[in-house]
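Here the structure comes first, spelled out in structure tokens, and everything after it is commentary.
The values are calculated or read from the model by the stated rules, or taken from the named source; none is laboratory data. Remember, predicted model here, so these are calculated numbers, not experimental data. Glycine also receives a Cβ, built like all others from the backbone with ideal geometry; neighbour counts cover every protein chain displayed.
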Amino acid sequence: MSGKKYKAVRDKIKSEGVYPLDKALQMVIENPVARFDESVDAALVLGVDTRKNDQQVRGSVALPHGLGRKVRILVFAKGALEEDAKKAGADFVGGEDMVEKIKQGWLDFDCAISTPDMMPVVSKVAKTLGPKGLMPNPKLGTVTIKVAQAVEREKKGTASFRADKNGIIHSSVGRRSMGLD
């Protein structure tokens with residue numbers, strides 16, 4: 001990027017400077033570069049060795065204002081839990097039929113939630129969902145019997161995080177228009 005706005009912002013901010021979190025967020029809000037509502041991303045250097053099992057960092061956190069985008073949720077469930085998921089606002093609900101659809105190449109969703117009894121069925125598409133970060137996982141709260149709560153939590157907006165091989169977490173934390181809250 002070498003537009004006028006970008007150059008003006010670059011001149012205001014020292015690239016080698018280290019800023020406290022609140023000051024850095026204030027600078028992002030006060031100095032827009034694009035014409036759209038930019039996302040705010042964070043990169044946290046943890047200094048852990050992710051090759052060691054006891055130093056793996058992974059989880060999710062519910063954000064107070066969400067991530068500023070609509071999340072399409074797929075729920076693998078059957079029976080009464082299927083109805084609960086629909087009432088909670090899941091976009092797609094099913095079981096074996098959804099697995100067959102995914103096998104044919106359909107991936108038109110952002111988050112997958114499953115009940116524990118459906119995991120053997122879901123595991124048939126693990127090689128497709130896993131690399132894309134869509135596989136339901138108990139550590140992230142996406143394998144649960146409380147399907148309605150999980151759907152509501154994901155709809156409100158949660159940020160999933162995981163340390164990469166260098167021990168750094170990269171995650172979106174919101175939009176510029178959300179302010180400092």
Can you tell me which residues in segment 157-181 are over 12 Å from the mean Cα position of the chain (by Cα), part of a loop (DSSP other than H, G, I, E, B) and more than 17 Å from A24 (Cβ to Cβ)? D164, K165, N166, G167
I need the full set of residues from segment 76-98 which are touching a strand residue (DSSP E or B) at 6+ places or on another chain (Cβ under 8 Å) and without any contact (Cβ under 8 Å) to a residue 40 or more places away in the chain, in order please. E82, K86, D91, F92, V93, G94, G95, M98
When you scan segment 10-19, do you find a residue that is modelled with pLDDT under 80 and either among the hydroxyl-bearing types (S, T, Y) or under 22 Å from R153 (Cβ atoms) (or both), even just one? yes
If you go through segment 100-124, how many residues are in contact (Cβ under 8 Å) with a residue 12 or more places away in the chain and closer than 16 Å to I73 by Cβ? 12
Which is touching a Phe, Trp or Tyr at 6+ places or on another chain (Cβ under 6 Å), surrounded by 13 or more Cβ atoms within 10 Å (Cβ to Cβ) and within 30 Å of E38 (Cα to Cα), of L134, L74? L74
Which numbered condition C111 misses (of (1) more than 30 Å from G167 (Cβ to Cβ); (2) under 18 Å from the mean Cα position of the chain (by Cα)): (1)
